[in-house]
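Reading through the structure tokens given below for one structure.
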Amino acid sequence: MFDQLKKYFESIKSRDPAATSLLLVLLTYPGVKAVFFYRIANFIWELNLKILARMISQLARFLTGIEIHPAAKIGKNLFIDHGMGVVIGETAQIGDNVTLYHGVTLGGISPAIKSSEQVGIKRHPTLENDVIVGSGAQILGPVIVKNCARIGSNAVVTKDVPRGGIMVGIPAKNIKTGTKKPDTSFAPYAVTKK
Amino acid sequence: MFDQLKKYFESIKSRDPAATSLLLVLLTYPGVKAVFFYRIANFIWELNLKILARMISQLARFLTGIEIHPAAKIGKNLFIDHGMGVVIGETAQIGDNVTLYHGVTLGGISPAIKSSEQVGIKRHPTLENDVIVGSGAQILGPVIVKNCARIGSNAVVTKDVPRGGIMVGIPAKNIKTGTKKPDTSFAPYAVTKK
Amino acid sequence: MFDQLKKYFESIKSRDPAATSLLLVLLTYPGVKAVFFYRIANFIWELNLKILARMISQLARFLTGIEIHPAAKIGKNLFIDHGMGVVIGETAQIGDNVTLYHGVTLGGISPAIKSSEQVGIKRHPTLENDVIVGSGAQILGPVIVKNCARIGSNAVVTKDVPRGGIMVGIPAKNIKTGTKKPDTSFAPYAVTKK
């Protein structure tokens, strides 16, 4: 388990130059705490203790400013940096090595559609692997954001995003040009139209 | 009073598919707690105990992440979903059955205008009945948002919004076309230009 | 020291019509508390007690919803109004009499650029004197925002901003026209295209 923790830390270090030691990350990173609480809440949700699970989720929100519904499905090495105001909905799915900044929503589109017609259907986004979502971005509805896509800061995404796409603005448009494969060295959340 | 609570719960249930029981809502919905604290703070403000009222408002902000000025005027069945980062200003007015998501501001435009010239005048928005405001939207200045209008996620509204208008972008534009009456089944906060 | 506090209060009063007394500001303004905690954390950071400094910074975040890296450099009379969700990065610099609203980020652009190549270089913005940044605005990368500039609500700024510039939208564009000197009576954070 310590090994797993170390791998998680290495993955964070590669994404945040201010993350200088494992101790520092454990003590001062709210996003790490939030994911830890989510793992517990998700485990309890699976035991069908749903109200207890949501109470743990709310406790984590109080402590970290990050709200993750216990029924969300989250892969390896999710890193939520800063994190205040993040909301991850009930039917959201997140792949491996995803990075979210503060203020990000993986949300639904109720009450647009009648609430009673939405029970039991997928109403939140799916993020595949290696996706980066900039601060304040809103991804809404059961859309799919494919591998290595980047969502710009304060963008509003309500449609599927292709592999390696770079989405900017309201509503978000893909500013990725050409067909070369996604360049992971490019600015993710400061992304801007030329 | 229990009857009133039940009606409030029914109104929430119709707007959020994850709100499956009254107990769950009471225990885990920060927006419900924030409105409860506001009612107390507002009562105390009316008694002219203004500093105490604002301290209660700040306690509620600490507990829920939602900041409501005790002098704001709020109607029936306000539902603030998720709620982290919501700010409702001193002279804001909210009608009945309004829904706000997290990150919404009903704010002023100081220090644009000299602070001393603003004391005692209305400087925050008015939302009429059945308005829905998407996550991260900013409504600024003494504008009026008329019945059944929807404000898109991350939109910035600084002008009046007509009845049933659908406002998107920065600055927000009305994308509602045609003159048929507002269609309350349409997506509110995932609203997008075609 | 009381004299200094009084000057700080006067500067806040001139920027917020709801700030009616010094006592009220001390008791109920999270932005004032956050700056106070930052001063302590910054002092401890300079003593090279870096983990302790960041723990104090995180405590302040928990209490106020405002996250200021202890290594940031901040001038006189910074006023953070409401403040929930504000993030100020490690190498950010802020001049005198700056006003930030809630949800503002002075952030970096990692993991766009490899984290290991960013250690020790400036990667966050510099705000000169008298800058006003509207709620939800994101200023990202080592850009310079010159004296008296205003950044509109929910704007995303990734380039330098000239003196007195008024930046709106995603990516933010300067809507200041003409060459007359900055008009400090103009609306700052409700700024909108005509």
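Descriptive notes on the structure:
- Directionally averaged projected area (convex hull, Cα atoms, the stretch B:69-174), nm²: 5.9
- Interface C-B: total buried accessible area of about 2800 Å², 1.4 Å probe, protein heavy atoms only.
- Net +/- balance of residues flanking B:V143 in space, Cβ distance below 13 Å, scoring K and R +1, D and E -1: +2
- Think of each Lys and Arg Cβ as +1 and each Asp and Glu Cβ as -1; about the Cα centre, that makes the dipole of the protein assembly as shown roughly 1300 debye.
- Descending principal axes extents, chain B, alpha-carbon based, whole Å: 48, 48, 23
- Dipole magnitude of the stretch B:1-140, debye to nearest 20 (Cβ charges: Lys/Arg +1, Asp/Glu -1, about Cα centre): 260
- Considering only chain C, percent of DSSP beta bridges that pair antiparallel, nearest 5: 5
- Most mobile listed residue (C:G120, C:G107, C:G152) in chain C, GNM with C-alpha springs under 10 Å: C:G120
- Cα point-scatterer Debye curve for the stretch B:116-180, base-10 log of I(q)/I(0) at q = 0.13, 0.15, 0.25 Å⁻¹: -0.34, -0.43, -1.02
- A point 7 Å from Cα along Cα→Cβ stands in for C:L5, and the other copies hold the same point at 4.2, 4.2 nm, listed in rising order.
- Label spacing, shortest first and in nm, from A:L22 to its equivalents in the remaining copies (7 angstrom along Cα→Cβ): 5.1, 5.1
- Both radii were evaluated on the Cα set of the protein assembly as shown; the Rg over Rh quotient, with Rh as the Kirkwood radius, amounts to 0.94.
- Carbon + sulfur, % of accessible area of the protein assembly as shown - ligands and nucleic acids excluded, 1.4 Å: 60
- Between A:T105, A:T126, A:T177, the GNM of chain A built on Cα springs shorter than 10 angstrom shows A:T177 fluctuating the most.
- The Cβ shell under 14 Å around A:A72 holds other residues with a net charge of +4, Lys and Arg each +1, Asp and Glu each -1.
- Shielding score for C:79-90, defined as the mean number of other chain Cβ atoms within 10 Å: 5
- Taking the helices alone, chain B has a mean residue ellipticity at 222 nm of -8500 deg cm²/dmol, built from -39,500 (n - 2.57) per DSSP H run of at least 4 residues and averaged over all its residues.
- With one equal scatterer per alpha carbon and no solvent term, the Debye-computed log10 I(q)/I(0) for the stretch C:31-88 at 0.28, 0.30, 0.31 1/Å reads -1.15, -1.28, -1.34.
- Non-local Lys pairs in the stretch B:1-125, i.e. 8 or more apart or on different chains, that have alpha carbons under 19 Å apart: 12
- Once backbone amide H atoms are built at 1.01 Å from N, C:V161 has C:I144, C:V145, C:K146 as its partners under 5 Å, excluding neighbours fewer than 5 places away on the same chain.
The values are calculated or read from the model by the stated rules, or taken from the named source; none is laboratory data. In this text the structure is predicted, and so the values were computed from the model without any measurement. Positions of Cβ are generated from backbone atoms using ideal geometry, with glycine treated the same way; all protein chains shown enter the neighbour counts. The accessibility values were calculated without ligands, DNA or RNA, using every heavy atom of the protein model including side chains. Shrake-Rupley method; radii C 1.70, N 1.55, O 1.52, S 1.80 Å.
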